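K.L.:
Dropping the structure in here first, questions after.
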Amino acid sequence: MTGRYKAPRGTQDILPEDQPHWDFVREVAARISKAFGYEAIKTPVFEEASLFTRGVGEVTDIVQKEMYIFNDRSGLDLALRPEGTAPVCRAYLEHGMHNLPQPVRLWYWTPIFRYDRPQAGRYRQHHQFGAEAIGDSSAAVDVEVIELLWRLYEELGLTNLTLQLNSIGDGKCRPHYLEVLRDYYRDKLDRVCDDDRVRFEQNPLRLLDCKQERCQPIIAGAPPITDYLCDDCTAHFTELTALLEAADIPFTVNPRLVRGLDYYTRTVFEVIPPEEGAQSTIGGGGRYDGLIELLGGRPTPGVGFATGIERTILNLQRQGIAVPQRDRPRIYVAIQTPAARVPAFRLASDIRRAGISAVVSTGDRSLKAQMRHADALGATYVAILGENELAAKSATLRQLADGAQETVPLIDVASRVGRANAR
RNA sequence: GUGGGCGUAGCGUAGCGGUUAACGCGCCAGGUUGUGGCCCUGGAGAUCACGGGUUCAAAUCCCGUCGUCCACCCCA
């Protein structure tokens, strides 16, 4: 029976059958974060809208056309979180985390909302796992977060991923580069796409990111930003690449890699899977040394990444990676006579108290139907309580895999079922 | 936001102008006397995405809306 309602456009239900993949990624993410000394943080699903318009940047796509904005009953301008970094930085400031040992290492797992046109691997509500290291400007921290991300994919079993890396300079050298870039483009504007003419005015760095066929030759001839970095940025980038090599993390320097959020400085990176497709990027991040100050704090450096859970799972499936199976009840308690109902409930209750999962028959199916049911649920054992068993205070314990059957005193069922090939 | 493909039971599909919309999987129940998986039988389950139009007649043709997929855009 199909109901009237459907999940809103671009959203989806994550069903029991999907959980094994989610549990797997979540478990690995939490474990690796912990291994790197990162601690979990949860921030509200909504924030003051200006946190994002200011933090992420007025001219970014996220702010200009993708935010879910609403007024609450007091008229406050709020936005559903469109990205994870700004809220974490807000929390860092709000809770005086500069008084903690620096850098503060945090990770999060959270829904993200963007009013985008949905596609496979692109949703209006999706989830991101991310990590941020705030309060340390050294390249070693950049490498740390990249290594954390890389290790995640490694432990998940994903292969053939590519790490792309670039430095987009800082407040000292980038303005100069942008002028160089503008000078280069100025006499070519008649040959580029319409979007690029807007980018030329508003966000010239993004010119390098254009995917239009006709713009490619022009991009190819553009001066690479890496040639225009100041000494500090160059030193940072040089150390970064040296450390990545030392950590055995393969990377490709892509001088045209630009990210869609304004707060990035120096290091930016993206991880791309082997399959073609528009929504290819599964993870990315970078350094954001100006963000905290922009949000009203003392100048504080930071670096982090985020990876999309849905896209990560999509790639797990594409690569045929097996994940731990979903849980099945250890035992199903079936009754042959209504008189067994109460003892059956007691038995199931005792088994659960012993930490073993048990499903007890409900309703009044025939024993045959209960057996079928137990099999469909994937139970390992069935305990049958009939008149004979009640009289003997025991249960007939059947192992579904091979049909082996024995009579076991009720008080021994839990321990009998809990031993031997417990999952 | 732009362009294109698709939209039939929970899932996968058939039907593509003409009487009660079909099949597979799944679900429920039975196949005699207390027992699953295979097999057999039966049952439930579909306003044929929604709304309008054309026609004597529409799941089938046309338009719109919504959803989904693909590309663009953007990103995770």
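The values are calculated or read from the model by the stated rules, or taken from the named source; none is laboratory data. Given the structure is predicted, the values throughout are model-derived calculations rather than measurements. Ideal geometry is used to build each Cβ from the backbone, glycine not excepted, and the neighbour counts take in all protein chains shown. With ligands, DNA and RNA removed, areas are computed over all heavy atoms of the protein, side chains included. Shrake-Rupley method; radii C 1.70, N 1.55, O 1.52, S 1.80 Å.
K.L.:
Determine the pairs where a residue that is within 16 Å of residue A:37 (Cβ to Cβ) and free of Cβ contacts under 8 Å to residues at least 24 places away in the same chain, located within the stretch A:120-145, has a partner that is among the charged types (D, E, K, R) and within 16 Å of RNA strand B (Cβ to nearest atom) with Cβ atoms under 9 Å apart, the partner being 6 or more residues away or on another chain.
P.N.:
Final answer for the pair search is none.
K.L.:
Now, a different point. Among the listed residues A:56, A:104, A:45, which satisfies the condition of being touching a residue at least 24 places away in the same chain (Cβ under 8 Å) and surrounded by fewer than 19 Cβ atoms within 10 Å (Cβ to Cβ)?
P.N.:
Criteria check complete, one pass: A:45.
K.L.:
Please specify each residue of the stretch A:261-275 satisfying the condition of being buried (at least 16 other Cβ atoms within 10 Å of the Cβ) and not β-branched (Val, Ile, Thr).
P.N.:
A:261, A:262, A:263, A:264, A:266, A:269, A:270, A:273
K.L.:
Which condition does residue A:139 not pass, out of (1) in contact with an Asp or Glu (Cβ under 6 Å, 6 or more places away or on another chain); (2) outside the structural domain of residue A:92 (by TED's automatic domain parsing); (3) not β-branched (Val, Ile, Thr), if it passes all the others?
P.N.:
Among (1) in contact with an Asp or Glu (Cβ under 6 Å, 6 or more places away or on another chain); (2) outside the structural domain of residue A:92 (by TED's automatic domain parsing); (3) not β-branched (Val, Ile, Thr), residue A:139 violates only (2).
K.L.:
When the stretch A:265-293 is examined, which residues are found to be in a loop (DSSP other than H, G, I, E, B) and near RNA strand B (Cβ under 10 Å from one of its atoms)?
P.N.:
A:273, A:275, A:276, A:277, A:278, A:279, A:280, A:281, A:282
K.L.:
Moving to a separate point now. Pick from the stretch A:249-260 the residues that are assigned to a loop (DSSP other than H, G, I, E, B) and away from RNA strand B (no atom under 11 Å from the Cβ): which of them is least open to solvent (accessible area, probe 1.4 Å)?
P.N.:
For the stretch A:249-260, the residue satisfying everything is A:249.
K.L.:
In the list A:359, A:333, A:408, A:413, which residue meets the criterion of being modelled with pLDDT of 95 or more and in contact with a Lys or Arg (Cβ under 8 Å, 6 or more places away or on another chain)?
P.N.:
A:408
K.L.:
Enumerate the helices (runs of 4 or more DSSP H) found wholly within the stretch A:331-402, keeping only those where 1 or more residues are open to solvent by 40 Å² or more (accessible area, probe 1.4 Å), of a type outside the set (Lys, Arg) and within 6 Å of RNA strand B (Cβ to nearest atom).
P.N.:
So the answer is A:367-377, A:387-392.
K.L.:
Now for a separate question. Can residue A:18 be described as more than 16 Å from RNA strand B (Cβ to nearest atom), open to solvent by 40 Å² or more (accessible area, probe 1.4 Å), farther than 21 Å from residue A:131 by Cβ and among the charged types (D, E, K, R)?
P.N.:
No: the conditions fail for residue A:18.
K.L.:
Could you please let me know if residue A:134 is surrounded by 17 or more Cβ atoms within 10 Å (Cβ to Cβ) and more than 23 Å from residue A:316 (Cβ to Cβ)?
P.N.:
Considered against the rule, which asks whether it is surrounded by 17 or more Cβ atoms within 10 Å (Cβ to Cβ) and more than 23 Å from residue A:316 (Cβ to Cβ), residue A:134 comes out as yes.
K.L.:
Here are A:209, A:194, A:227: which of them is under 25 Å from residue A:269 (Cβ atoms) and open to solvent by 60 Å² or more (accessible area, probe 1.4 Å)?
P.N.:
A:227
Let's see how each residue does on (1) among the charged types (D, E, K, R); (2) more than 30 Å from residue A:414 (Cα to Cα); (3) outside the structural domain of residue A:375 (by TED's automatic domain parsing); (4) touching an Asp or Glu at 6+ places or on another chain (Cβ under 7 Å):
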position: A:249; (1), (2), (3), (4): no, yes, yes, yes
position: A:258; (1), (2), (3), (4): no, yes, yes, yes
position: A:267; (1), (2), (3), (4): no, yes, yes, yes
position: A:272; (1), (2), (3), (4): no, yes, yes, no
position: A:282; (1), (2), (3), (4): no, yes, yes, no
position: A:297; (1), (2), (3), (4): no, yes, yes, no
position: A:303; (1), (2), (3), (4): no, yes, yes, yes
position: A:310; (1), (2), (3), (4): yes, yes, yes, no
